Structure formats: C-alpha cells, structure tokens
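Novice: What follows is a structure written as structure tokens; I'll ask about it next.
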Amino acid sequence: MTKIYISLFLCFFFLSAKAQKEKKINFTIQIDSILKTKPTTYKDINTYLKPFRNDTTKLKELAHKFEDKKYLEGKTYVENLLGIQYRNFSLYQKAITTHKAALETAKRANSIEFRVFSLNMLGVDYRKIDANRTALDYNHEALTLAETVKEPSLGLKRSIAVSLNSMGNIYLLLKQYNLAIERFKKSQEIENSIDNKLGLAINYQNIGYAKDAQGKLDEALEHYKKSLAINQKINNTFGIIICNSSVANIYIKQGKPAKALQLIKGNLGTAEKLGNQEYLAYEYLNLGWAQSKLELFDEAEKNLKKGLDIAKIYNFASALSYAYSHLSELYENNNDFKTALNYYKLAEEFDAKITNERNIQYVNDLIIKYDSERQNNQIKNLAKQNEIAQLQLLKNRNIWVAILVSFVLLLAILYFLYRQRLLEKQKRILTLEQDVSRAQMNPHFIFNALNSIKHYIINNEKKNAVYYLNKFSKLVRKILESSTLKEVTMQDELETMDLYMNIENIRFSNEIQYKVTVDEGLDLSKTKVPPLVLQPFLENALWHGLSSKKGDKKINLTISKTEQNFIQVDIEDNGIGRKASAEIKSKKTIQRKSIGIELTKERLTNFITDFKNPFSLIFNDLVDVNKNPLGTKVTLKIPTN
C-alpha cells in the first residue's frame, strides 16, 4: 500500500513539474513573440499577454524585460495591470505608485492611448480612498486628452467610456441621479460598440446604484441582475461579489432579510478567498445588517464589528460611515439608546468628512463643462454678449473701419516686403548655385583631368584611357545634372565623390587610399544634402594635405549618426597638416585658391532654412603626443529634419 502511495506521489510530482515547465516555455515563447513585433495598442499587446494578467510575479518580470528592450508600450501595459492587481487587494497606495510609474512610461513612449488609460486608473485608485477631488482631476485630464484624437483607437474608445463612467459617478456624488444615468448610458453605448462585456456590466451596476438611490428598487434590482449575468458569463469573480452584495441590499430594503442572508453567506467565502479587504468589510456589514433585521442581534453585532475593524485598519471612510450607521440602528433596536447615539454621531462625523473631501464646487465646475443643458445656457449668454458687442461695434463704426483699412494696408506692405525679401533670397540662392557650378567645372580641373587621360593615350594604355575617360564623362554629367538640383541624396553625393577621387587620383599615380565607411542602419537614400557639398573638403585634403606629403596617403570619409536628427560626415587625411600647408602656400608665387569652403558654408546656410537645427563645421588638427602633425580631420554635422 505504501508503494502505491509513493508511486502516486511521484507521478503527481512529475506531472506538476512537467506542467510548470510547459507553462514556463509558453511564457518565454510569448515574450519572444511580442518583442519581435512590439505592438503599440492595448488590444494587440493584450493578445499576447492576456494569460498572465493576474500573475504579479510574471508581470514584474515582464516590466524589467521590456525596460531593458526599450519596449515602453509593453512596459506601461504591464505596470497598469500590476496597479490593478494591487488595487484589487486593497493596496491602494501601492496601486497609485504603480499607476503613476505607468503614466511616466506612457509619456516616454509618447502614447496617448496609454496615457489616458493610466490617468483613468489613477482616478479609480483615488476614488477608492475617497480622495474625490484628486480622482476627478485625473479623470478630467484623461477625458480631455482622449477627445484631442479625431479617430480614436479601440483602446482610446474604451478609455473615453471609462471617463464618461467616472463623470457619471460625479453626478452620483451630487445626487443628480438622472444625469448620472445619462452618462452611464453614453458610456454603455461605447462599450457596446466595442463589445466590451466588462464595461457593460460596470455600467449596468452603476445605473442600479442610481435607481437604488432614487428608491426605484425593482428597476435597481433588474440592472443589478443584468450586471450579474454578464459577470457570470465572463467569469469575473470581483464583479459577481459586487452584484450579489447589491442584490442582497435590495432584498433587505424590500423586507426580505432571510433571502439576503442566504446570498451574503455564499458571497462571504468568495470575498475572503479573493483578499479584497474593502469588499470583505462590506460583506460583513451587510451580513450584520441582515441579521439585525432578523433580530439575531448578537450575531449581527459580531459581524458589524468585524466589518468595522477591517474598515478602521484600511481607513475606508465610506465603510466606516456605513458601519456606524448600522451599529446605531442595531443598538436602537436593543433599546441601548446611549450607545446608539454615540454611533449615530460617528456616522454623521464621517459623512461630513466625506462630503468635505468631495469639494462640491470643483465638481460642479466640471459638470458645467460636460453637461449639454448648461452648455446651451452658456451659448445663450454668449449670444447676448455678442449682441451687445454688435451694438458697440455699430456705435463706433467709423473707428473700426479706419482700423480695419489701416490693418489691411499694413498687411499689404508686410506682404510686399516679404515677397521682396523672398525674391532676393531666391536670387542669392541662384547666384550661389551658379558659382558652385562654375567652381566645380573650373578650367584647371578639366585641363588636368584630360591631360592625365591623354598621358594614357600617348603611352598606348587603352584600357586605362577608356576607363578614366568613362569616369570623367560620368563625373561631368553628374556635375551638370547637379547644377539644376537644390538637393541630392547622400548616396548620390558619395557616388559623385567616388568619381571625383578616381579622376584626381590619376595625378597622384593612384597613390591615395580613399575609403568610405557608413554606419550600419543608415539609409543614405533618404538623407538629403546640397549637391557637391563634400567636394571642397576632399579637394582641400588632396591639394593642401597630401600633395606635399611623402609616403602613404590616405583619406577616410566616415558617415555616422552620433545624435538624433543629425548625420555626421568626417573627412580625415594623414597629410602634412594645416600649419605646414599654410607655410608652403605662402612661399608659392602663384597662389592656388580652394574651390570654396566659404561658398559651401553659404550653400548649407540656405539649405537648412526650413530645418529645426543648424549645421556645424569643425576643422581639427591631428597631432601625436609630441605635437607633430598627423593630418587634418573635418567634421560636418548636417540636420536631417
């Protein structure tokens, strides 16, 4: 018999271990899958992570993983779920901290959908601790932000529904129940359009609260039961507890405490398992209330005080008021009027405290903004003000006409001045481009290039002659084409510079090692620059840096993206350096002028007129530890947007 038990235990242990392993593998697969696609909406992320919504350990692991991988939309989704879990277990301060972290992550991700979602969650957190003004601030901010999006996503629609639901709760606080029901129904319409069963259930429950407060118990019961049916269908345990508790309240008010007692006892065990202390407090209080109605006073007192103790520990102000009120009623029924009076005073004290925290004036300001009837009154007031303004305008007609004519004349003058400046600027740009074309096609370069090719022809080096003649013709064609363009891609610019260096290298007996390096991930076909912008720097490197140098001659052109919104071009030579070059140049009888660094600066200045950031150009003299020259490095930073 012992062997059988051991075998069964080993079998159970093996199956459990296997299940845990499979679950871990599935979790890893889901993480890998979501990190490949990195979806950005709540709906798409939820498709991957729905199985792990209630597992706080895995959610914390995901938050760290997503931060490491810079997947911010995934991180804010996970942080919001963690906050909801903390709230469900009455850890409200922890929920607030987590939802604030989710809001900051959403801002970093620049996601309006998750910002709105996080703001709404903070509103719910603060409402749970009766900090109603702060709650309303967050809900109002969420609704305002959501309404800025013309075509909201599914997640944003859901958040708008949550905000409307919150506004309905504001009307409940003001005891404007019809307006509250109207808001809940609008929220319900959105939830229905996006097929959100949980949202429908919540709105049915809230409408039930409003009907209950109006004394329409049958209608309230009907809405509570509709909410209960949906919660049972989607297997929402928290929702089922709330609905059952509300139904039990109606039964007590209808004089059916025995029926309520049976429902509450079934509800109590589930509430204890879930660990939500607020729900648990109300279950004990409702149990005590039902027992009091059945004149089971000892049991009623015991359960009411249990609920009171939980409310005190977690500082549930509304639950405390509720507990004191029912204890007062209990002791009054027992003819202990002194104790009943004490509890009555405590109930009144907490009611006053809750009312003060709600800040009725602030709530009314929000209601004015979103209530259509009051908006109509505002429109009427504006119409009256407009009528007064029209009368004043007629009274001072001549003055207004004079001001208007003066304003039009001023605008006309400003427009003509603007057009004149624009034409001058366009003329300057055209002049610059013509100067560039002339500079690039200067006779010295053409003569020297053709002379070098002629050398190959004379020496009967046909292949070299044909090769370089093709290169030269392509270069000439590109220079001519560029003279009609304001900008080219960096990819085209590099091709032109490659042709230029090939032609110039003939005169250096192909000694120059020209190398181009481009960072991986850079798409040069999308980066725009003025045509032939790099040519003056390469020419300087050739004729001022390398022409007088002995030994190996190198030019390295590197393109990288060291900053956001900038592309950096480094042109580095191992020549004699600018100081030595200047000394040699000063001794020459005929001074060779550069093709035009200043001209290039002017072209770049015109090119970036509509850009957010300026360009920068830096010349660096490269030296060794003994200050001996190693060459020159030119760094050009060009903005990309």
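Novice: Within the range 28-44, track down each residue that is of a type outside the set (A, V, I, L, M, F, W, C) and surrounded by 15 or more Cβ atoms within 10 Å (Cβ to Cβ).
Specialist: Gln30, Lys38, Pro39, Thr40, Thr41, Tyr42, Asp44
Novice: OK, next. Quick check on the range 45-66. Is at least one of its residues at pLDDT 90 or above and not in a helix (DSSP H, G or I)?
Specialist: For the range 45-66, residues at pLDDT 90 or above and not in a helix (DSSP H, G or I): absent.
Novice: Still on this model: Please list, ordered by first then second residue, the pairs with beta carbon atoms under 8 Å, 6 or more apart or interchain, first in the range 244-264 and under 13 Å from Leu217 (Cβ atoms) and of a type in the set (Phe, Trp, Tyr), second surrounded by fewer than 21 Cβ atoms within 10 Å (Cβ to Cβ) and modelled with pLDDT of 90 or more.
Specialist: Hits for this filter: Tyr251/Lys259.
Novice: Scanning the range 276-324 for residues that are free of Cβ contacts under 8 Å to residues at least 12 places away in the same chain and assigned to a helix (DSSP H, G or I), which turns out surrounded by the fewest Cβ atoms within 10 Å (Cβ to Cβ)?
Specialist: Ranking the candidates gives Asp298 first.
Novice: Kindly indicate the residue of the range 184-213 that is of a type in the set (D, E, K, R) and in a helix (DSSP H, G or I) and also surrounded by the fewest Cβ atoms within 10 Å (Cβ to Cβ) among those meeting that condition.
Specialist: Checking each candidate, the answer is Glu189.
Novice: Here's another thing I want to ask about it. Go through (1) touching an Asp or Glu at 6+ places or on another chain (Cβ under 9 Å); (2) closer than 17 Å to Lys528 by Cβ; (3) modelled with pLDDT of 80 or more for Thr558 and report which single condition fails.
Specialist: (2)
Novice: So, restricting to helices (runs of 4 or more DSSP H) that lie completely within the range 404-510, which ones have at least 3 residues that are modelled with pLDDT of 80 or more?
Specialist: 462-482, 490-506
Novice: Given the conditions (1) surrounded by 16 or more Cβ atoms within 10 Å (Cβ to Cβ); (2) modelled with pLDDT of 85 or more, and given that Asn342 satisfies all but one, which numbered condition is not satisfied?
Specialist: Of (1) surrounded by 16 or more Cβ atoms within 10 Å (Cβ to Cβ); (2) modelled with pLDDT of 85 or more, only one is false for Asn342: (1).
Yes/no per residue for (1) more than 40 Å from the chain's Cα centre (by Cα); (2) closer than 17 Å to Thr517 by Cα; (3) surrounded by 17 or more Cβ atoms within 10 Å (Cβ to Cβ):
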site	(1), (2), (3)
His544	yes, no, yes
Ile559	no, yes, yes
Gly577	yes, no, yes
Ala580	yes, no, no
Leu617	no, no, no
Asn628	yes, no, no
Thr640	no, no, yes
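Novice: So how many residues does the range 79-102 have that are without any contact (Cβ under 8 Å) to a residue 24 or more places away in the chain and among the hydrophobic types (A, V, I, L, M, F, W, C)?
Specialist: Result for the range 79-102: 2.
Novice: Further, regarding this structure: Is it the case, given these coordinates, that Thr47 is of a type in the set (S, T, N, Q), touching an Asp or Glu at 6+ places or on another chain (Cβ under 7 Å) and either surrounded by 15 or more Cβ atoms within 10 Å (Cβ to Cβ) or closer than 28 Å to Asp195 by Cβ (or both)?
Specialist: Criteria not met by Thr47.
Novice: A further question on this structure: So, Ile45, is that one more than 21 Å from Asn169 (Cβ to Cβ) and within 16 Å of the chain's Cα centre (by Cα) or not?
Specialist: It is true that Ile45 is more than 21 Å from Asn169 (Cβ to Cβ) and within 16 Å of the chain's Cα centre (by Cα).
Novice: Continuing with the same structure: Restricting attention to the range 517-542, which residues are assigned to a loop (DSSP other than H, G, I, E, B) and small (Gly, Ala, Ser)?
Specialist: Passing the criteria: only Gly521.
Novice: Right, next: Scan the range 600-615 residue by residue and report those that are of a type outside the set (S, T, N, Q), surrounded by 13 or more Cβ atoms within 10 Å (Cβ to Cβ) and under 34 Å from the mean Cα position of the chain (by Cα).
Specialist: Matches in the range 600-615: Phe607, Ile608, Phe611, Phe615.
Novice: To continue, here is another question. Specify the residue that is surrounded by the most Cβ atoms within 10 Å (Cβ to Cβ); the eligible residues are those in the range 325-339 that are part of a helix (DSSP H, G or I) and more than 54 Å from the chain's Cα centre (by Cα).
Specialist: Filtering first and then ranking leaves Tyr331.
Novice: For the structure I just gave you, tell me whether Leu122 is of a type outside the set (Lys, Arg) and either farther than 24 Å from Phe316 by Cβ or at pLDDT 95 or above (or both).
Specialist: no
Novice: Another question about this same structure. Strands (runs of 3 or more DSSP E) wholly in the range 543-641 with at least 2 residues that are of a type outside the set (D, E, K, R) and more than 22 Å from Gly521 (Cβ to Cβ) - which ones?
Specialist: Hits in the range 543-641: 616-623, 629-639.
Novice: Looking at (1) touching a Pro at 6+ places or on another chain (Cβ under 7 Å); (2) under 30 Å from Asp195 (Cβ atoms), can you tell me which one Leu294 breaks?
Specialist: (2)
Novice: Also: Could you list, in sequence order, the residues of the range 231-260 that are of a type in the set (Lys, Arg) and either assigned to a loop (DSSP other than H, G, I, E, B) or under 12 Å from Trp289 (Cα atoms) (or both)?
Specialist: Once the filter is applied, which keeps residues that are of a type in the set (Lys, Arg) and either assigned to a loop (DSSP other than H, G, I, E, B) or under 12 Å from Trp289 (Cα atoms) (or both), the range 231-260 yields Lys253, Lys256.
Novice: Condition first: of a type in the set (D, E, K, R), under 22 Å from Gln214 (Cα atoms) and in a helix (DSSP H, G or I). Can you find one or more residues in the range 162-183 that meet it?
Specialist: Yes, because at least one residue in the range 162-183 is of a type in the set (D, E, K, R), under 22 Å from Gln214 (Cα atoms) and in a helix (DSSP H, G or I).
Results for (1) over 13 Å from the mean Cα position of the chain (by Cα); (2) within 15 Å of Asn165 (Cα to Cα); (3) surrounded by fewer than 22 Cβ atoms within 10 Å (Cβ to Cβ), shown as yes or no for each residue.
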| position | (1), (2), (3) |
| --- | --- |
| Ala109 | no, no, yes |
| Glu113 | no, no, no |
| Met121 | yes, yes, no |
| Arg133 | yes, no, yes |
| Leu136 | yes, yes, no |
| Leu143 | yes, yes, no |
| Leu154 | yes, no, yes |
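The values are calculated or read from the model by the stated rules, or taken from the named source; none is laboratory data. Bear in mind that the values here come from a model prediction, so they are computed numbers and not experimental data. Because the Cβ atoms are built from the backbone with ideal geometry, glycine has one as well, and the counts that use them run over all protein chains shown.
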